[in-house]
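The values are calculated or read from the model by the stated rules, or taken from the named source; none is laboratory data. All values derive from a computational prediction rather than experimental measurement. Neighbour counts are summed over all protein chains in view; Cβ atoms, including those assigned to glycine, are modelled from backbone coordinates with ideal geometry. These accessible areas exclude ligands, DNA and RNA; they are computed on the full protein's heavy atoms, side chains included. Shrake-Rupley method; radii C 1.70, N 1.55, O 1.52, S 1.80 Å.
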Amino acid sequence: MKKPSFLSRLTGNNDDYFDERGVPAVFEGQGEERHAHINTRDEQWAAEEPQGELAVDIYQTPDAIVVKALVAGVQPTSIDIALTREMLTVSGQREDEREVEEDNYFQRELYWGSFSRTILLPEEIDVDMAEASEKHGILMIRLPKINKKRQTKLKVRSR
């Protein structure tokens, strides 16, 4: 039996209700049926719907950051693009049009289902001037960089 930690002696908590990573147990049930259950990472992931990660190419030109992604088989209207000055998230769903039963496949390598990709951008971009287009299954997102050297003059108004 291991010696209780100073914190557990101080608070009266029992370290037996933590796993080896220090993740606390969740208590389930009532009365005599009450027991501790530690959620493993695999159980948490199993509860969520699996999601694919969208493969991307990212490059810059002097005035923009360009993101290219392969979205063949995805309707352009079902692609969701969320954008801030520092981050881009592309998500969507690739629907499988099954022609045969699962047992009749020899090999399955194509990804079908929901996908998502979040990208931290290397520079701030102008979200109002961003453009997205799709051609031949390639999604191209053009994100104009903010010109930090641009200056303007303001006139003072009198009221």
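Of all residues in segment 100-139, those satisfying the criterion of being closer than 15 Å to ALA82 by Cβ, aliphatic (A, V, I, L, M) and open to solvent by less than 100 Å² (accessible area, probe 1.4 Å) are ILE119, LEU121, ILE125, VAL127, ALA130, ALA132, LEU139.
List, please: which pairs have Cβ atoms under 7 Å, are six or more places apart or on different chains, and start with a residue in segment 124-137 that is among the polar types (S, T, N, Q) and end with one that is surrounded by 14 or more Cβ atoms within 10 Å (Cβ to Cβ)? These pairs meet every condition: SER133/MET140.
If you go through segment 46-66 and keep only what is in contact with a Ser or Thr (Cβ under 9 Å, 6 or more places away or on another chain) and either within 22 Å of VAL127 (Cα to Cα) or open to solvent by less than 60 Å² (accessible area, probe 1.4 Å) (or both), you end up with GLY52, LEU54. Evaluation of ARG85 against the conditions (1) assigned to a loop (DSSP other than H, G, I, E, B); (2) at pLDDT below 90 shows that the sole unmet condition is (2).
Among the residues of segment 67-82, the ones that are open to solvent by less than 30 Å² (accessible area, probe 1.4 Å) and in a strand (DSSP E or B) come to 2 in all.
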